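Derivation of every value follows stated rules applied to the coordinates shown; laboratory data play no part. Computed from a predicted model, the values in this text were never measured in an experiment. Ideal geometry is used to build each Cβ from the backbone, glycine not excepted, and the neighbour counts take in all protein chains shown.
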Amino acid sequence: MTRTPVYAHPVEGFGTVSFTPVVPAADAALIHSWVTEERARFWGMGEASRELVQEIYEDVDRRTTHHAFMVALDGEQVALFQTYDCAEDRVSECYEVQPGDVGVHLLIGPTKGPARHGFTGALIEAFIAYLFTDGGAVRVVGEPDARNAKAIALLERCGFELGPEVELPEIDLPEVYLPAKPARLAFLNRPAAR
């Protein structure tokens, strides 16, 4: 299946990073293989079946406030990137949402071959470029698991300002269940126009 990216961003020294919307039936197996690895434990889907992963992304696909993208580097799938309207998410119960706040989740897939220094930062550069151009964000909001020191440090290195530690409330709906989660808020404002 050929898909047209919604955004492509060249990253010097790495290649072109592109974003295509998740197609749940086509992408569930790959996403499942990523989210059930130990390295993805903070994603919170370690016990999920492939069918449940597909159902979750079908639910995301139905929403107008939440979006999921497969991220490719020069055509190879390397990450899962999700955006959401903070005012329409459980994070809104933890801080004062401002107009233009766009929340993000990022899961980087396992690398094939040797690790490339700066790879994650290069992907984040592409995500930020997308959000502040085509994504319409005024401010990007991250909420990694508070126990995920590596993710928090990465956001800080990428220019995010750390906010408070909060407890994201449990969500228990027929179509989705999310347990309560300790999270560390992080914010990145749109750069001032030059």
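Structure above, values below:
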quantity: Distance in nm between pseudo-label sites at L162 and Q77 (7 Å out along the Cβ direction from Cα); calculated: 3.4 nm
quantity: Estimated dipole of the range 1-114 in Debye, rounded to 20 [Cβ of Lys and Arg +1, of Asp and Glu -1, Cα centre]; calculated: 320 debye
quantity: C-alpha center-to-center spacing [the range 137-194, the range 1-34] in angstrom; calculated: 22 Å
quantity: The chain: C-alpha pair distances exceeding 19 Å, %; calculated: 60 percent
quantity: Modelled FRET efficiency - R0 25 Å, I171 with R116, Cβ distances, 0.05 increments; calculated: 0.10
quantity: Segments 75-81, 38-44 sorted - mean Cβ within 10 Å per residue, highest first; calculated: 75-81, 38-44
quantity: For the range 80-90, 3J(HN,Hα) per residue [Karplus equation, 6.51 cos²θ - 1.76 cosθ + 1.60, θ = phi - 60°, Hz, x = Gly/Pro]; calculated: 10, 10, 10, 10, 7, 6, 4, 5, 10, 9, 4
quantity: Intensity falloff of the range 48-93 expressed as log10 I(q)/I(0), Debye formula with alpha-carbon point scatterers, at q = 0.28, 0.32 Å⁻¹; calculated: -1.02, -1.06
quantity: Over the range 9-74: Rg over Rh, Cα atoms, Kirkwood Rh; calculated: 1.03
quantity: Net charge, G118 excluded, C-beta distance under 12 Å - Lys, Arg +1, Asp, Glu -1; calculated: 0
